Amino acid sequence: MNQSLPHLELVSFSLCPYVQRAVITLKLKKVPYELKAIDLRDPPEWFKKISPMGKVPVLVVDHQTPLFESAVINEYLDEITEPRLNPTDPLQKARERAWIEYGSEVFADFYRVYTAESESDFKGAVAEMFDDLQKLDFEVKGPWFRGSDFSLVDTSFAPLFLRLSLIPKLWNHEAWLQMPKVRAWAEALVRHPVVRESCPPDFEAGMIAYVKESGSFLF
């Protein structure tokens, strides 16, 4: 039972995958929180003061202490609530932290995919993204990253797989055949009820519109 928790306010941009990482963790743990959406193109002055990198998410604890960076926010949430998603063994925890960081690199690949404006740039970015994803096939235990226990690695990769599932050209790509464990993991995460519930209203339409507006070769 999570008792005597601080007040938690998550500052977000509705389509941000890093915000979604924190939302998944909060919903898994059934922790009450407030969500405050901002426009990152015209952020309010108070946000500039609490986000030194100018990014979301920011978690404001008890109306006064801001935390930034999704991995840090998730670790804090895990330490103050149950059930714990991080392992207790220091070596395993360090390895999972490393794979969470790796997930951010794969997200950077995905960003290059959907912002590619030419066919050659698009094909190169897609190849790099799938090459990086394939490296996970040696690590994924199934059905979740660690095995039967859901972890912060799962919360970190779920937003990526959810976004890939919206784009048939990527979700049905032949490269998945080379990484069957990653594919099964991705499908399990996309089906997870909490992952689905972590999406804002009209997420699919909003995400596709966002990619189209970027001038992507995808559309």
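For this structure, a couple of remarks:
- Low-density loop cleavage sites - trypsin sites (Lys or Arg not before Pro) in region 128-169, where at most 13 other Cβ are within 10 Å (DSSP): LYS141
- Distance histogram for region 1-111 (every C-alpha pair counted, 10 angstrom bins, percent rounded to whole numbers): 13, 45, 34, 8, 0
- Equivalent ellipsoid, region 39-162 (semi-axes from 5 times Cα gyration tensor eigenvalues, Å): 27, 25, 10
- Other residues whose C-beta falls under 13 angstrom from the C-beta of ALA175 contribute a net charge of -2, scoring Lys and Arg +1 and Asp and Glu -1.
- Take the Cα of LYS123, step 7 Å toward its Cβ, do the same at ASP42, and the gap between the two points is 4.2 nm.
- Pairs over the 22 Å Cα-Cα cut-off, from the set LYS48/LYS212; LYS93/LYS141; LYS93/LYS135; LYS55/LYS181: LYS48/LYS212; LYS55/LYS181.
- For region 90-213, the fraction of alpha-carbon pairs in successive 5 Å shells from zero, as %: 2, 10, 20, 25, 20, 14, 6, 2, 0
- Theoretical ellipticity at 222 nm over the chain - DSSP helices of four or more residues, -39500 (n - 2.57) apiece, nearest 500: -16500 deg cm²/dmol
- As a rough footprinting exposure proxy, the listed residues ILE208, ILE73 were ranked by other beta carbons within 10 Å of their own, and the order from fewest upward is ILE208, ILE73.
- In the elastic network of the chain, a GNM with C-alpha springs shorter than 10 Å, the most mobile of ASN172, ASN86, ASN74 is ASN172.
- Trypsin sites (Lys or Arg not before Pro) within region 78-115: DSSP coil, no more than 12 neighbouring Cβ in 10 Å: none
- Cα→Cβ-extended label distance, 7 Å offset, between GLU34 and THR65, nm: 1.8 nm
- Local electrostatic count at VAL106 - Lys and Arg +1, Asp and Glu -1, tallied over other residues with Cβ under 12 Å: -3
Bear in mind that the values in this text are calculations on the coordinates, not laboratory data. Model, not experiment: these values are computed from the prediction. Backbone-built Cβ (ideal geometry, glycine too); neighbour counts: all protein chains shown.
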